[in-house]
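Here's the structure we're looking at; comments come further down.
Each value in this text was obtained by applying a stated rule to the coordinates, not by laboratory testing. Everything numeric in this text was worked out from a predicted model, so none of it was measured. Positions of Cβ are backbone-derived with ideal geometry, glycine not excepted, and every protein chain shown enters the neighbour counts.
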Amino acid sequence: MLAFRYKAVDRAGRPARGALDALNEVDLELRLRRMGLDLITFREVDKSAGGFGGGRRITRRDLITFCFDLEQITRSGIALLDGVRDLRDSIENLRFREVLTALIEDMEGGQLLSQAMSHQPHVFDKVFVSLVRAGEQAGRLLEVFENLGKTLKWQDELASQTKRLLIYPALVLAVVSGVMVFMLVYLVPQVVQLLKTMAIALPLQTRVLIFISDAFVENWMLLLGVPLAGAAVLTALVARNQKAQYLWDYAKLHFPVIGPILLKIILSRFANFFALMYQSGISILDAIKTSEGIVGNRVIADGLMRAGQQINAGENLTDTFHNLGVFPPLVIRMMRVGEVTGSLDTALLNITYFYNRDVKESVDHNLALLGPLLTLVLGGMLMLIMWSVLGPVYEIFGKMRI
């Protein structure tokens, strides 16, 4: 397959740009015509050069809508191939339309939907494809698409909660840093010049502040460059070294405040997908193996790998997860009841609900405490600076009155 960038117009005469794989110019024109576009110009591009792909990126919300549409198509009894064709003609996102065109061509060639999706790993991950494949085998595609839609919505809400937890502290930290830099670089040197002309004895806190200001003004490139260089080196090391990545993931789980919340998010994600795969007929060992790649943390993934080995050796599920040491006793008890009663999927969904509620409450609680705490820190820092700067000035004015 060759890669082409194209300019085209849709049936309403609106311009469209994008990129598409095709065998040749004729195949490109046919593929665009199936997408409801008329080719104007094109040029061949090199995929290995990067930057290939037209239109806006495919977001989680696009996939949520896609799952909902497929759920309705399956519920209505419409053939999947015909339903996907109709979806392609109604989607505005050109990149997603190209993906659906590729799905349709593979399905017209005799492939199942899951097989066609597996050729688009940048859009449909392994869990998505595995669940669709299990739904096809068990004849439960309707339930799979319904559960996938709910799961993606939950992921979207979880991402929003995580952003809420991180954005506010980041903004306040940026403001505090900006104010501190302004005072150290501009305000303090101005006041120092005034104090030097007065030839008065400076208190300890003022001398310390002047020392910090001078050090920052004279070595600001070093003070800013070293942390940035350290962050760059750490990022590169974590990206290339598995041991470093393991240690970083371990450290993230033990950060104050954020660590416990991150662990709950990871365990909630695991329980949700595990329940989804179990409901779809995927074996426990295969579900655990797939979960290793979706938890997003090497420490938890390593624990799941050991759990799979223990289950394969004959251990029961509950004892195995108890040995991991990451699930609280209440969750282990819920899992044991589910395993004994034969309703493990229900127990896993209860665990997901337990963690979802816990994460939401933790985020809300920490956000409620964060505002006053950051206000106190900012006020205290500003008060300390103003006390160090203005204290001697007030002392001079007091002597002048006398």
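Just a few scattered comments:
- Exposure proxy shown here: for LEU166, LEU20, the number of other Cβ atoms within 10 Å sets the order, fewest to most, as LEU166, LEU20.
- Dipole size of the chain about its Cα centre, with +1 on Lys/Arg Cβ and -1 on Asp/Glu Cβ: approximately 1220 debye, rounded to the nearest 20.
- Rounded to whole Hz, the Karplus (6.51, -1.76, 1.60) HN-Hα couplings of region 296-312, x for glycine and proline: x, 8, 5, 5, 5, 4, 5, x, 5, 4, 5, 5, x, 5, 5, 5, 5
- Sequence-distant aspartates and glutamates (8 or more away, or on other chains) whose Cα lies within less than 16 Å of LYS7: ASP21, GLU25, ASP27, GLU29, ASP38, GLU44, GLU92, GLU98
- MRE, 222 nm, helices only [DSSP H, n ≥ 4, -39500 (n - 2.57), over the chain, to nearest 500]: -25000 deg cm²/dmol
- Contact order for region 1-148, expressed relative to its length and based on alpha carbon pairs under 8 Å spaced 6+ residues apart, stands at 20 percent.
- Sequentially through region 35-41, phi angles give Karplus couplings (6.51, -1.76, 1.60; θ = phi - 60°) of 7, x, 10, 10, 5, 10, 9 Hz, Gly and Pro residues having no value and appearing as x.
- Label positions at ALA174 and MET381, each projected 7 Å from the Cα along the C-beta direction, are separated by 1.5 nm.
- Lys, Arg +1 and Asp, Glu -1 on Cβ, resulting dipole of region 60-152 about Cα centre, debye, nearest 20: 320 debye
- Each residue in THR74, THR346 was given a count of other beta-carbon atoms within 10 angstrom of its own, and listing them fewest first yields THR346, THR74.
- Positive-end residue, region 240-289 charge dipole about Cα centroid, Cβ charges, pick of TRP248, ILE265, LEU276: TRP248
- Long-range amide H partners of VAL45 with built H, under 5 Å: ALA3, PHE4, ARG5
- Using θ = phi - 60° and Karplus 6.51 cos²θ - 1.76 cosθ + 1.60, couplings along region 74-87 (whole Hz; Gly, Pro as x): 5, 5, 7, x, 6, 4, 4, 4, 5, x, 5, 4, 4, 4
- Across q = 0.15, 0.16, 0.19 Å⁻¹, region 84-177 modelled as identical point scatterers on its alpha-carbon atoms has Debye log10 I(q)/I(0) values of -0.72, -0.78, -0.97, in the order of the q list.
- Sequence-separation-based contact order of region 214-344, relative, with Cα cut under 8 Å and 6+ spacing, percent: 15 percent
- Listed cross-link partners LYS153/LYS360; LYS163/LYS289; LYS163/LYS252; LYS126/LYS289; LYS163/LYS264; LYS264/LYS360 are compared with a 18 Å cut-off, the Cα-Cα value being larger for LYS163/LYS289.
- This structure gives Rg and Dmax of the Cα atoms in Å, computed directly, and of (1) 21.8, 67; (2) 30.4, 103; (3) 29.3, 99 that value is listed as (3).
- Taking the Cα centre of region 173-402 as reference, the dipole from Cβ charges on Lys and Arg (+1) and Asp and Glu (-1) amounts to some 540 debye.
- In plain terms, the bigger the Kirkwood radius, the slower the diffusion; for region 2-49, with that radius from Cα pairs, at 10 °C and 1.306 mPa s, Stokes-Einstein puts D at 149 µm²/s.
- Sorted peptide list for 296-302, 225-231, 174-180, 80-86, criterion being average Cβ within 10 angstrom, highest first: 296-302, 80-86, 174-180, 225-231
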